[in-house]
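Below is one structure, written out as structure tokens; comments come after it.
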Amino acid sequence: MSELRCDVLVAGGGLVGATAALALARSGASVALLDRVEPASLTGRLGFDVRTVALNPASADLLREIGVWDSFAACPFDKVHVCEALGTRFIDFAASEVARDELGWIVEVSPAVHVLWSALRSCDELTVLTGTIDAVSSDADAVSVQSNDMTISAGLLLAADGANSAVRAHLGIDAARFATGQAAVATVVETQRDHGNTAWQCFLRDGPVALLPLPSRGGRFFCSVVWTQSEAAAAQQMQRSDAAFIAQLEAACDRCWGAILAVDQRFSFALEQQVASTFAPTPRVLLVGDAARVLHPLAGQGVNLGFEDIREVLRVAGRVDAAALGDAGLWRGFERRRQLRAQLMVRAMDAFAAAYRISDPGLQWLRNMAVQLLNEAPSLKRQLIKEALGYGIFAAPR
């Protein structure tokens, strides 16, 4: 059995894991990244990966610092419009309210991961491995991972291997789960009119539907769609023909960008929020990204919190030598701050979703009045925007 030693082992090569590995390697640590397989490049019928994420400026800053942001095919948005089908009030968030040119960017997952893996392959301080995680053990001297016929020993293991983390499972770490009874249907559509770099979201009786801006191509206009519904309704949407789905979506979004001219393949995923019982199960193991917590997608903050984790890891790791990355107590503050941040976000998503599920007419009227007051409160809106940008008081220290 072969053996590899390094300062940091990153498990998981998605957006968060690949970014973490690259950032740590470029900070001077010897790093290995382990994933089951090299990510495939995925493109749908309309020329886009139907899996997209919203990245905020703080996340873009991190990607810019490690030299990959300019290679991302990111579509900026400078306005967010939030409305509801059962009310007459809405909220508009604009970049100009905080003196910025953009609020964030919509990024296709597959091309972004491809950019990161290309950078990983060209980084001399980094070893890229593929294989399963068969065992994890940790002691005072090192953390070891068994993968196929190899033992990888490191001073620190970052588990960025997703919601069903193998590292978490091997260490016996529980995760509190918050069922939503909902599922999301995601796809890409071609629209009649340009989205004007606006992220549009409407809360329906069954859940929110969002049309998120993608780059126009050859005079054609496109949006990424994330439609949250009950699990039964989402299953029905997956069974409908393209024409029937388009008709349903046009009714749901009130043709906000005109007629929907075409739809790509659809995929559906159950929505369940979860928070790991600890983000630092041993002094030498940290959980980051979806391995640590999974959020409802209605606020688009899941990946951004994963990048916050990485910024915090870099900040703490930058204070010590690589040999001290597993020192007892080093990650205690990380665990406390990231756990609190996760709990706050999960509770906020629950409260937000519950507020828009209210069916009592009187309570709906109160909600509409609250929405109007918020839309007319510039200082409060600015603070909410700063939080979404990743620069607020609850974000990771910079």
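What to note about this one:
- Spin-label model, Ser71/Ala169: points 7 Å from Cα along the beta carbon direction are separated by 3.1 nm.
- Note on region 35-84: Cα Rg divided by 2.2 N^0.38 Å, N the number of residues, gives 1.47.
- Net charge over other residues, Cβ less than 15 angstrom from the Cβ of Trp200 (K, R count +1; D, E count -1): -3
- Coarse-grained scattering of region 142-194 at q = 0.14, 0.29 Å⁻¹, given as base-10 log I(q)/I(0) from a Debye sum over alpha-carbon atoms: -0.63, -1.27
- Based on the Kirkwood approach, the hydrodynamic radius assigned to region 139-257 is 18.0 Å, with every pair of different Cα atoms included.
- Pairs of Cα atoms in region 117-158 fall into 10 Å distance bins, from 0 up to the last occupied one, in shares of 25, 46, 27, 2 percent.
- Hydrodynamic radius of the chain by the Kirkwood approach over all distinct alpha-carbon pairs: 22.0 Å.
- Solvent-accessible surface of protein heavy atoms, probed at 1.4 angstrom with all chains present, puts Val109, Val189 in the order Val109, Val189, largest first.
- Column: log10 I(q)/I(0), Debye, Cα scatterers of region 260-328, q = 0.17, 0.23 Å⁻¹: -0.75, -1.07
- Taking 0.36 nm per residue of separation and subtracting the Cα-Cα distance, full extension of the segment from Ala232 to Asp101 would add 43.1 nm.
- Surface/4 of the Cα convex hull for region 186-329, nm²: 11.6
- Compactness of region 166-220 was expressed as the Cα radius of gyration divided by 2.2 N^0.38 Å, which yields 1.80.
- Rg/Rh ratio calculated on Cα atoms of region 8-48 (Kirkwood radius): 1.14
- Cα-Cα pairs of region 51-126 separated by more than 20 Å (percent): 44
- Values of log10 I(q)/I(0), in the order q = 0.15, 0.20 Å⁻¹, for region 93-205 under a Debye, Cα-only, solvent-free model: -1.02, -1.22
- Computed over the chain with a Gaussian network model linking Cα atoms closer than 10 Å, the most mobile of Val113, Val320, Val225 is Val320.
- Region 225-269 gives an Rg/Rh value of 0.93, both radii derived from C-alpha positions and Rh following Kirkwood.
- Computed from label points 7 Å out along Cα-Cβ, the spacing between Arg382 and Gln265 is 4.7 nm.
- Magnitude of the charge dipole, region 221-287, Cβ model with Lys/Arg +1 and Asp/Glu -1, debye to 20: 200
- Residues considered: Ala184, Ala32, Ala317. Largest GNM mean-square fluctuation over the chain, using C-alpha springs under 10 Å, is found at Ala317.
- Surface share of carbon and sulfur [accessible, 1.4 angstrom probe, percent] for region 1-92: 49
- All Cα-Cα separations within region 1-92 were binned at 5 Å from zero, giving a P(r) of 3, 9, 15, 16, 17, 13, 9, 8, 5, 3, 2, 1, 0, 0, each value a whole percent of the pairs.
The values are calculated or read from the model by the stated rules, or taken from the named source; none is laboratory data. Bear in mind that the values here come from a model prediction, so they are computed numbers and not experimental data. Note: ideal-geometry Cβ built from the backbone for every residue, glycine included; neighbour counts use all protein chains shown. Protein only, heavy atoms only, side chains kept; ligands, DNA and RNA dropped before computing areas. Shrake-Rupley method; radii C 1.70, N 1.55, O 1.52, S 1.80 Å.
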